[in-house]
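What follows is calculated from the coordinates using simple rules that are stated; it is not laboratory data. Computed from a predicted structure; not experimentally measured. Note that each Cβ is placed from the backbone with ideal geometry, even for glycine, and that neighbours are counted across all protein chains shown.
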Number of protein chains: 4
Amino acid sequence: MTKPHAPLYYPDYLQLDRLLDCQHLESADHGEIAHDEMLFIITHQAYELWFKQILWELDAVRALFKKQAVAEKAVGRAVSHLIRIVEIQRVIIGQIDVLETMTPLDFLDFRDYLIPASGFQSLQFRLLENKLGIRPAQRLSIDKTPYEARFAERDRVALKISEQEPSMFDLLDNWLGRTPFLHFGTFDFWDEYRQAVDVMLAKDRRLIEENPMFTPEKRAHQLKMLTATEAQFDALFDPDKYERLRQDGSFRLSHQALQAALLINLYRDEPILYLPFRLLSLLMDIDENFTKWRYRHALMVLRMIGRKIGTGGSSGHDYLRQTAEQHRVFTDLFSLSTFFIPRSALPDLPPHVRAAMGFQFSESSS
Amino acid sequence: MTKPHAPLYYPDYLQLDRLLDCQHLESADHGEIAHDEMLFIITHQAYELWFKQILWELDAVRALFKKQAVAEKAVGRAVSHLIRIVEIQRVIIGQIDVLETMTPLDFLDFRDYLIPASGFQSLQFRLLENKLGIRPAQRLSIDKTPYEARFAERDRVALKISEQEPSMFDLLDNWLGRTPFLHFGTFDFWDEYRQAVDVMLAKDRRLIEENPMFTPEKRAHQLKMLTATEAQFDALFDPDKYERLRQDGSFRLSHQALQAALLINLYRDEPILYLPFRLLSLLMDIDENFTKWRYRHALMVLRMIGRKIGTGGSSGHDYLRQTAEQHRVFTDLFSLSTFFIPRSALPDLPPHVRAAMGFQFSESSS
Amino acid sequence: MTKPHAPLYYPDYLQLDRLLDCQHLESADHGEIAHDEMLFIITHQAYELWFKQILWELDAVRALFKKQAVAEKAVGRAVSHLIRIVEIQRVIIGQIDVLETMTPLDFLDFRDYLIPASGFQSLQFRLLENKLGIRPAQRLSIDKTPYEARFAERDRVALKISEQEPSMFDLLDNWLGRTPFLHFGTFDFWDEYRQAVDVMLAKDRRLIEENPMFTPEKRAHQLKMLTATEAQFDALFDPDKYERLRQDGSFRLSHQALQAALLINLYRDEPILYLPFRLLSLLMDIDENFTKWRYRHALMVLRMIGRKIGTGGSSGHDYLRQTAEQHRVFTDLFSLSTFFIPRSALPDLPPHVRAAMGFQFSESSS
Amino acid sequence: MTKPHAPLYYPDYLQLDRLLDCQHLESADHGEIAHDEMLFIITHQAYELWFKQILWELDAVRALFKKQAVAEKAVGRAVSHLIRIVEIQRVIIGQIDVLETMTPLDFLDFRDYLIPASGFQSLQFRLLENKLGIRPAQRLSIDKTPYEARFAERDRVALKISEQEPSMFDLLDNWLGRTPFLHFGTFDFWDEYRQAVDVMLAKDRRLIEENPMFTPEKRAHQLKMLTATEAQFDALFDPDKYERLRQDGSFRLSHQALQAALLINLYRDEPILYLPFRLLSLLMDIDENFTKWRYRHALMVLRMIGRKIGTGGSSGHDYLRQTAEQHRVFTDLFSLSTFFIPRSALPDLPPHVRAAMGFQFSESSS
């Protein structure tokens, strides 16, 4: 207990008088209440409440990563915020099951009253996308108009600001690029990794060439696949090629940041890398969960209005299904697994690196 | 499209300006924002939105059942409403996972500011309980004060009204009691069922007495169990005994209604009983889901504040755990399965009953 | 209790000795146990157990619908089977979360040992697809080889048989086509529906043309959209056009069956149509859930192996993502909502039809 | 790719021939297949598969903690194993929804054939309980016979061994007791914490005594509650009292281990404590999830067979409901929150402790 305060009443604390008065049925204005419009409103309001919470958490993470130097503690706290976002996403994906209890015929009872309002106009969701790191150029356009055209003036301002702030992607890119362990004393991660890859690929080639069980066709096929793999690694190791891949959108992280993300994944068992590894995994979870959410939404829309044009004037199903593929942010982290090498082939960390990655103090050392 | 109306804007339709302005952090007033208080508020607000929706659906079902005669169509519509309630319950149970991302230490950052507010004071949840059919006398008391003592005056009025209206339980009881098929022409369900039970129990007794593999102890044990089963059926068949069981709270439905519920379960494959059977099942689902929700809540509270007294002054964990057992409504429907008899032992319906339970028109008849 | 039998022991009943001895780690044969291979095996075995159960339910439904005439009771039973399939699908979609606790690096520890085995070779899943109604021609091919080429001879036989049996789709198509209510005495559903559509479209056109708030551009746009809608209905009403759309794959149900499906949806509140409506909804749920499952799987594969070729030699992510779109069965039921008209515009059913769709006996009539 | 091996076939790898041949319906032997018996078998087999996986993970964690000194890396790995167990628990809880699609009447079709087999006889689940740390004395007895009496001889041996091995609880207790930070140089955590508690309680007392808004009754009530809180802390600080509480079962961890668990919770933001904190949280999750699972199971049994005696001869619902309360292992970790003090009241860590809890190397230090 701190200082005395007036006794708090739960309904007042939650402002339920106002909160539960925000549901106005358009159908009532048109003369007949459409029972299911209440569900439509409340489900979308529940989404918006959760979006507010996700933004609250995401802004907290971004604030931590905006610092010049991000302390280990801060990574721990960021991880907690991201875990919460993932749990919230589980809930909002589950909400689609509730909305699907409304049948298409029930929706028809009030659908026309909503024109041209559309979930597309969820300001918070667009802010969320921008703050995560979706770039305007990457957005799927509808009827060739920019996405902000569908918003009111005051909302367009907020959108513009969110586009200009450093996104979670930008902050991650910077933070990864500063990782001290890429070059640590005499240890050069990139060099070591590259040698390990070369050894692994050479061994694979030998195995294919010498395998007595292969038919010539089989051998040729395997070698073709190996050559494709070699080409992927080549692009990774050649900074110029990598830069070109960045230009064409195949990669987005800086070369340095990509290396750091790879190091974190490959040596994630070292204590100092545990939290960074969790952080990367959670950002992938979040990306994946929004993809799931969009895709589930696309399926629901298909069911609700078939291939008709949505209330917002766009063909809802196709738009949502395509954003599920296109509105993604941390694709590089997914691509990374292409470059993983088995633990048995990983270069050993020299003792001074291993020491720096651990605690001075540990039960096993004491 | 109906009559012309001004174009609707999604944020306006959902009144997001107001909705997203209902989150006021008490901790901010005390000088330092507790990050997790936002989660606490938003989770509880999401609960309240969903409670509003559940009430919306439950009131719709009650309106249908308040009619003197409930048309078959109405049962179909009631079933749809109840299915939706079940889906909403899945979501609100899932929300507990989100709230559990708040650790006890984080909760301590603002917990004291909330005293004595408590989730106990959710008016909508209490209305929901009353409208389902929880009776004031059945409520677990806290500190020996009636539950409404914790509410503001205006809310006490609403609670009192909800206690006096016919609850879902009352309406179900009446509706079941009116079932025409208990006595249909020359067919007397209760008589037939009773004979079938007698035959079944006699056969069981013979099997036990004559089973050559039983040791005397085993036989004695089996006979004792059979005698207990016979006693249960006796109480069911003797209206006076049943009435006494109703008085002491072992049963709540009228004898007539209980018989109807049994008939519906045993002959649920007859077309006319399909929807009534679904209705009974869904009421059980809803009862069970609130039990799950309370129990999950109890576990969360245990984790959050240990065995400490909750912000509302009650020992949260124990209170919630006990309401999970005690605040149940449709327990009779659960007890019913005690009286089921295998399909092979069920009396056949005479043709005139079977005909009345089906459609005049069916593919197989045509 | 029936006839005496030897006491059953739970581990024997479930054959746990055998069941829990089916997990052989390939990595153990290669010298070092990969801890996560156990998870890989067990998750896939759990899938296969559930596939067996889904087949069990689906075969039961198909058996019911193979009958010359499907009694109302049978529809009720089919609905129960389908509800169970939907619940199982919820579980298997949830299992992906478990599999995702395996990281790509952990998978690398044993991935190569599995080549060229692949989930593609799940015989039960392919049988399931065939029995639902996926046609060989519709299947996404890999490397231009037919899907059965990846299976052992004995399994190819099973696949071939399943292709030739009437699928759930075929049985549904037949059953819908036999619906008696399309032409019932003097009532012709298709005629009535068509007139209602004409009235509705004419009214829409008038509203657009006369709306004083429309700019000329807005009006032109609205009229263009209306014309598109009219074209969709035209194709529906013209049997020749419809047949062409069937040839090109836009529709798959017979014209008669499609009409019946529409009737069931539009008049689903009539008692006799309740179960048929549930049946159609559940088939959509099942279709949608497999789509979700495939898509979730595609996302997991992306995460696990990036854009690499899967153990089966196919580019796993793309293959799975495309099957999510392409391996669908009941797309017509989803398209139906395009042709729904608001309840207020629906033709009233004449009394003799309404009577035939209800029970002779109902509380409200008695 | 490593050494050449014969091409693997998915159905062979998973031993599907055997796995899918382990479902033998007892009802078939009795003359008529009970359709739902397949579901009953497969659901329980899926449970057993997942139990095997949970044991696999739990054994891995126990192996890590059996070492004399547990390296930080090992804690990280243990956390990954536990996360997986939690995800598996989500799935097995979800499976209950599938089993609930079987109605009581359907269960009656084969229930008697199973007597006296019972889920109680799941050897793996009992092993799991023992390996987590449920003690024989703590087990709820049925009919006053020891739990192992229901098992076959060979299984009793396995149970006995599992009782004698160090359980997860024992290993945790030891590991916590060895925490170096309780006394670290001049820093004595227990001393500091105790002083902080004293200050906090004194302040609370003053606030109550001086609050001008309190009526005498209110003040008396508050003081009574404060006294109760003080008594709880007294027992914590007095080793003799604590030992007595251990004897009577109120606590189970050693005094030293409890202190360490408290330290980990209160200073969880320090890098070296992050993983230990996650570990404790996950053990609580696992405990809580088994409680949820048992409780859900209890509800299902109530619905399925009412208050009847289960196939195993025990009153299933009551037994399961009580084990949900009684078969818990990490209750001390839940009780801990009773002793948390707000961050603002926490003693600051001296620099040498803080340094030892961090990395030598961190972005912010470099």
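General observations
- Peptide C:47-55 - average C-beta neighbours from other chains (10 Å radius): 5
- Against the rule of thumb 2.2 N^0.38 Å, how large the Cα Rg of the range A:1-142 comes out: 1.36
- Residue mean of other protein chain beta carbons inside 10 Å, C:348-358: 2
- Counting neighbouring beta carbons within 10 Å and listing from fewest to most, the residues C:Thr227, B:Thr43 come out as C:Thr227, B:Thr43.
- Lys, Arg +1 and Asp, Glu -1 on Cβ, resulting dipole of the range A:42-177 about Cα centre, debye, nearest 20: 580
- Separation between Cα centres of the range C:240-274 and the range A:94-135, rounded to whole Å: 28
- Highest-fluctuation residue, B:Leu176, B:Leu299, B:Leu245 considered, GNM on chain B with Cα pairs under 10 Å: B:Leu245
- Distance in nm between pseudo-label sites at C:Ala202 and B:Lys224 (7 Å out along the Cβ direction from Cα): 8.3
- Taken over chain D, lysine pairs spaced eight or more positions apart, or on distinct chains, with alpha carbons under 18 Å apart number 6.
- Positive-end extreme of charge dipole, chain C - chosen from C:Pro136, C:Val86, C:Gln53 (charges on Cβ): C:Pro136
- Farthest positive-ward along the range A:16-357 dipole, Cα basis, beta-carbon charges - from A:Gly316, A:Ala220, A:His297: A:Ala220
- Cα gyration tensor, the protein assembly as shown - rounded (a/c under 1.5), prolate or oblate: rounded
- Of all the options A:Gln15, A:Gln53, A:Gln222, the one that moves most in a Gaussian network model of chain A with Cα springs shorter than 10 angstrom is A:Gln15.
- R0 of 41 Å, Cβ-Cβ distance C:His24-A:Arg90: FRET efficiency to nearest 0.05: 0.75
- Shielding by other protein chains, B:183-191, mean Cβ within 10 Å: 0
- Its Cα centre serving as origin, the range D:27-357 has a Cβ charge dipole (Lys and Arg +1, Asp and Glu -1) of approximately 320 debye.
- Extent of the range D:129-203 along its three principal axes (Cα atoms, max minus min coordinate, largest first): 58, 29, 11 Å.
- Between B:Asp318 and B:Asp170, full extension at 0.36 nm per residue minus the direct alpha carbon distance yields a gain of 50.4 nm.
- At q = 0.13, 0.15 Å⁻¹, base-10 log of I(q)/I(0) for the range C:32-357 (Debye sum, equal scatterers on each alpha carbon): -1.04, -1.23
- Label-reachable residues, the range B:10-39, where backbone N falls under 19 Å from a point 7 Å from D:Met213's Cα toward its Cβ: B:24-32
- Using a Förster distance of 51 Å, the FRET efficiency for A:Gln326-C:Ala63 (Cβ separation, nearest 0.05): 0.70
- What separates the C:Gln232 label point from its copies, with the point 7 Å along Cα to Cβ, is 4.1, 5.5, 6.1 nm, written shortest first.
- Listed residues B:Ala298, B:Ala196, B:Ala220, most fluctuating in chain B (Gaussian network, C-alpha, under 10 Å): B:Ala220
- Listed by Cβ neighbour count within 10 Å, with the fewest neighbours leading, B:Ile33, A:Ile96, B:Ile85, B:Ile161 appear as B:Ile161, B:Ile33, A:Ile96, B:Ile85.
- Assigned charges on the beta-carbon of Lys, Arg, Asp, Glu; the protein assembly as shown dipole about Cα centre (debye): 0
- When chain D is described by a simple charge dipole with +1 on each Lys and Arg Cβ and -1 on each Asp and Glu Cβ, the residue from D:Gln95, D:Leu8, D:Gln124 located farthest towards its positive end is D:Gln124.
- Residues C:Leu336, A:Leu172, sorted so that the one with the fewest Cβ neighbours within 10 Å comes first: C:Leu336, A:Leu172
- Between A:Asp348 and A:Leu140, the C-beta separation translates, for a Förster distance of 51 Å, into a calculated FRET efficiency of about 0.65.
- Remark: label point of D:Gln360 defined 7 Å out from Cα along the Cα-Cβ vector; separations to the same position in other copies 0.9, 9.3, 9.3 nm, ascending.
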